[in-house]
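Here, each number is a calculation from the coordinates, and none is a lab measurement. Just so we're clear, the structure is a prediction, and the values are computed from it rather than from any experiment. Backbone-built Cβ (ideal geometry, glycine too); neighbour counts: all protein chains shown.
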Amino acid sequence: MSKGKFALGAILGAAVGLVAGILTAPKSGKETRADIKAKASDVKAKASQKVTEVKGKAAEVTNDAKAKAEDLKGRTERAVEGAKKGFNSKK
């Protein structure tokens with residue numbers, strides 16, 4: 001199982017547990033709604049922060065892959081040119 005799927009499952013499980021706990025607590029409807037609203041805002045903020053982190057990591061991985069691809073392209077071009085020179089010098 002990937003870390004991302006595990007983290008998503010853990011977050012969803014925590015959210016479901018939190019909602020179940022709030023709904024079964026002996027409070028008035030007004031208090032319960034206020035609690036749900038506060039927790040929803042907290043979860044939204046944490047999710048937004050996580051999205052920002054994931055976007056940053058994705059950009060980092062993308063840039064790294066592009067740099068490696070460019071390096072490989074350059075090495076391949078140099079190898080092809082070297083092979084052409086070697087082939088032409090044998091004629």
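Tabulated values for the structure
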quantity	calculated
Selection from Thr62, Gly29, Ala7, by position along the positive dipole direction of the chain (Cβ)	Thr62
Given (i) 116; (ii) 70; (iii) 81, the label whose value is volume of the Cα convex hull per residue in Å³ derived from this model	(iii)
Residue-span extension gain [Ala14 to Lys27] - 0.36 nm each, minus C-alpha spacing	2.6 nm
Förster-model FRET efficiency, 35 Å R0, Lys50 and Glu77, C-beta, rounded to 0.05	0.30
Residue pairs, from the table Lys3/Lys39; Lys3/Lys37; Lys3/Lys66; Lys3/Lys68; Lys5/Lys50; Lys5/Lys55, whose Cα atoms sit over 18 Å apart	Lys3/Lys39; Lys3/Lys37; Lys3/Lys66; Lys3/Lys68
Size of charge dipole - the range 3-89 - debye, nearest 20, with Cβ of Lys, Arg +1 and Asp, Glu -1, no other charges	140
